[in-house]
Structures are given as C-alpha cells and as structure tokens.
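Reading through the structure tokens given below for one structure.
The values are calculated or read from the model by the stated rules, or taken from the named source; none is laboratory data. Computed from a predicted structure; not experimentally measured. In this analysis, Cβ positions are derived from the backbone assuming ideal geometry, glycine residues included, and neighbour counts consider all displayed protein chains.
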C-alpha cells in the first residue's frame, strides 16, 4: 500500500476516534455525587451478644421487619422455641399476650412501623446491663425505654419503660439469638408488653 494511502487511513481513523469521543455521552465529564442510599441497613450478623442487641435497637430505628425477625430464634438453626413472658398488668388488658409467639412478634412490629411517620424513627434505649454467660447461652438484664414519635409536633411522644431479661443462645450459624424475653413493668410508665398488645 502506498505511503500516502497509509497516512490517509491513519488520519481518518484518528479523526473517527476523536469524533466518537466528542459525541459520546460525556465520558470525560465528572458525574455529580449521588446521595447516600437511605434504605441501607446497619444489620450485621450477630456473632457477638453485643451485636445482637445493636441489631435489635437498629431494627426499630431503621424500621426493618426482616432485621427485627433475625434477632429471634429460628428453629431451622436451633432446636429451641421462643417464649415471651409479659408483665402481669398488661395480660389483663391484652389477652393475646398469654399466647405470644414469633408470628405475634412479627405482626406487632409490622403494625407498629405502619403507625410511625416515614421521616421519624422509634428510639430504643437499653441500659444498666447485668449479664451472665455460660458457654452457648447467656442471660442479659436491661432497663429499657422505647420512645415513639408522633406526626403532630404538638403531641408529646409516647414512652414505654421497664426492665427486660433476655435469654440468648448461639445457633448453628454461630449467631446469637433471643430465645426468651421476660418483661417487668415500672409504676410510672406503660411497659413493652403493653406496646406489644396495643399494636398486635
């Protein structure tokens, strides 16, 4: 091939790529930064008991049913059932608490979430921890407060307080899960049992 034709072909190829580059969809321009994904979850597999209770609190704050359910025993991975022992005063008000199970936990939690405005969160505080661990099980006692926001800013928040004892176990996945929950009321505030009964 003569040198002149070779040079013309090279020239045409270079010109073609320049035109392609210019006309392509802004390959050389910088994209605007995307906003963080607000739907992300902070859930981390509960390989420690501390992480289990962080997941429990975060499931309320982030309002994610699946994450809440993951805090409780799954019979596929541990040969134990779930037991909830409500405080006595709440059982006279809400009969369903006497037959409470994992499906009731899911139902109440789902109903609770639908009652909360989308832009607001439920705050769960667990404090004054007392714990004892023996191998693959442990008992954790906490004082708690559960604070529900309202859509009307003039309406005060609802607060539930009391004490809770959690029995937790290690399952076949090496994840800590709640197998028992005992609720104890205080005199001044409604209890977590009442919250469950109310939103079931």
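Restricting segment 22-50 to residues that are buried (at least 16 other Cβ atoms within 10 Å of the Cβ) and either part of a loop (DSSP other than H, G, I, E, B) or out of contact with any strand residue (DSSP E or B) (no Cβ under 6 Å at 6 or more places or on another chain) (or both), the residue that is modelled with the highest pLDDT is 46. Only one entry in 111, 125, 98 is touching a residue at least 12 places away in the same chain (Cβ under 8 Å) and out of contact with any helix residue (DSSP H, G or I) (no Cβ under 6 Å at 6 or more places or on another chain), namely 125.
Could you check segment 51-91 and list, in sequence order, the residues that are in a helix (DSSP H, G or I), in contact with a helix residue (DSSP H, G or I) (Cβ under 8 Å, 6 or more places away or on another chain) and within 20 Å of residue 114 (Cβ to Cβ)? Scanning segment 51-91 gives 56, 58, 59, 60, 65, 67, 68, 69. Kindly establish whether residue 128 is at pLDDT 95 or above and at positive phi. Criteria met by residue 128. Residue count for segment 176-200, restricted to those that are under 25 Å from residue 48 (Cβ atoms) and touching a helix residue (DSSP H, G or I) at 6+ places or on another chain (Cβ under 8 Å): 4. Somewhere in segment 190-197, is a residue outside any strand (DSSP E or B), in contact with a strand residue (DSSP E or B) (Cβ under 7 Å, 6 or more places away or on another chain), surrounded by fewer than 19 Cβ atoms within 10 Å (Cβ to Cβ) and on the phi < 0 side of the Ramachandran plot? Looking through segment 190-197, none of the residues is outside any strand (DSSP E or B), in contact with a strand residue (DSSP E or B) (Cβ under 7 Å, 6 or more places away or on another chain), surrounded by fewer than 19 Cβ atoms within 10 Å (Cβ to Cβ) and on the phi < 0 side of the Ramachandran plot.
Of the strands (runs of 3 or more DSSP E) lying entirely inside segment 106-189, those containing at least 1 residues that are surrounded by 15 or more Cβ atoms within 10 Å (Cβ to Cβ) and under 17 Å from the mean Cα position of the chain (by Cα) are 123-134, 137-148, 176-185.
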